[in-house]
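Note sheet for the following structure.
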Amino acid sequence: MDGRLIPCSRNTFRLKIHFLDGVCAVISPWIAFALREPLLFTTYLNDAIAYAVIGFAATVSAVAFSPLGHVLPEYFSRRDIVATVKVASASIVITVILMFSMTRLVNIPRSLPAIHLFILLAVMVGWRWVRSSLAHQRKIGDAQAPNRWAEYILIIGANSWTWWYSGMMIEVMTQGRQKIVAILDDNARLLGRSIHGHRVIGEIRDIERVVDEYGVHGISIRRVVLTGPKENLLKGSWTHLDRVCSARGIALEVLAEKLGLVDVDEGSTVDTRCTPDCPLTAELAMIRARPYWRVKRAFDVILAGLLLVVLTPLFLLNFIAVLLDIGRPTIFWQRRVGRDRKPIFVYKFRTLRAPFQRDGVPIPQASRLTSIGRFMRETRLDELPQLISVLRGDMSIIGPRPLMPTDLPDDAELRLAIKPGLTGWAQVHGGNLIMPSEKNALDEWYIRNASLWVDIKIFAKTLTTVVRGDRRADDVLVHAMKAGVSRHAPAAQPPPA
């Protein structure tokens, strides 16, 4: 899942539109008329009015139902430009469809929607850019103090990190309290180039000469910032930087380390992932190469789509039941580990009340589970939102259940070789009645023996489990535990039904 789409339990849906977006929606079609066909104002005035009214309504609706209406214009960014393009394009498409259904666009020039789109984009982006620029200049002006000395910084590396650091962190956030004097980079072809007006003036080996030359002009460099990773530097460059900065009392920082942007492997403190010589590597390669996984994905999409359509009334009933019993939000989410340790979000209907009362008093765990929540858990109805995760490609209908990072077993690589599932071999042969090690053994048996017939059997047993509840299958469990004793053993034969 994209990191920008992290859900929020406290998020509330509100329609919002800026006043200036409403102005843009009003004036953009008339400007397009004036540029393309001024005669529309007189000859086909009724069609022009109809197009302008529909265009206004479509633009206002597109902005109100999109995140663009909630963006603070003072902090307009490149990502917001992309959102503006999407909103403007959607509004024009809606306008054209509605006008075509009403008038077949008989009296509307075919190029008018394109001109309208260009004008709408220009005015919507334009007013945000102007407001952002004015706010930025006002903050810098307020922050300027006549007797304040700036801290001068030398940047190492001409890259995207430097572009972000110089433009956002230094120019916007420090408001003149820090200034970048120049950039050093070992790529000779970048000499003389600039990023945000800061020029590449030499290589890393020139740092002593650069510091001395600026010192002659009264510019004392007190901080050197490496924007890229150390591994990207030429051999010996980091040692040279460290030696020079230590000798001259200059602070040396690595931007990624300073901001905490380092790789984090959640879960076990011991890295259990297989190395190329790990005995499991060959088996994982064979499992991943099986053609059945591609066939399985096609079945997942078809079945999930059908279930979403058929179970729509259940979705609505669940939503109403949770809303009346527990309240908002009705959806619960957790970050779990998917295939190849990819982080995924697993969604469920809420079955527990909030852990605290309004006055902050904790609620006992036993009192948080409501009767409706208990029924939804027993019948697996709380898992229905995960059908959307199946369509997205994060999950499968059948597979090992996704676990939280802290719950992963030490030897988790086999279970992470395929996508997690809504239901699996462990859920239909014990579910909540078996221990985590037993569940892992059952899941590993499934991964080694997955087939269309096994998946059909799991799907059928899931329906039975929903009606009867969880029941241990000791014979199947013993078979799976024996098969998992050695990872080098051949694939196990199917257990007794």
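Tabulated data for the structure shown
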| quantity | calculated |
| --- | --- |
| Student exercise, the chain dipole from Lys, Arg, Asp, Glu Cβ charges, in Debye to nearest 20 | 900 debye |
| Spin-label model distance (nm) - H217 vs L317, 7 Å beyond Cα toward Cβ | 7.6 nm |
| Cα centroid separation, segment 181-232 to segment 429-465 (Å) | 60 Å |
| Listed residue (V346, T312, F332) projecting farthest to the positive dipole end of segment 287-363, Cβ model | V346 |
| Virtual spin-label span in nm between R193 and M481, 7 Å along Cα→Cβ | 6.2 nm |
| Computed [θ] at 222 nm, deg cm²/dmol, the chain (DSSP H ≥ 4; -39,500 (n - 2.57); rounded to nearest 500) | -15000 deg cm²/dmol |
| Global form of segment 277-337, assessed from the alpha-carbon gyration tensor, a/c cut-off 1.5 | oblate |
| Spin-label zone in segment 195-225 - amide nitrogen under 12 Å from a point set 7 Å from the Cα of Y152 along the C-beta vector | 210-223 |
| Computed magnitude of the charge dipole of segment 283-359 (debye, nearest 20; Cβ of K, R +1, Cβ of D, E -1) | 340 debye |
| Computed FRET value (nearest 0.05) for I456 with D340, which takes r as the C-beta separation and R₀ as 30 Å | 0.70 |
| FRET E, pair A34, R14, Förster distance 51 Å, beta-carbon r, rounded to 0.05 | 0.90 |
| Under-5 Å amide H pairs with R222, H placed in peptide plane, nonlocal only | Y152 |
| Three-way shape label, the chain, alpha-carbon gyration tensor, a/c 1.5 | oblate |
| Label-to-label distance, nm, for residues given as H70 and R205 (7 Å Cα→Cβ offset) | 5.4 nm |
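Since every read-out is calculated from the coordinates, none of them should be taken as a lab result. It should be emphasised that the depicted structure is a prediction, and the values quoted were computed from it without experimental measurement. Here the Cβ is made from the backbone with ideal geometry for all residues, glycine too, and neighbour counts use every protein chain on show.
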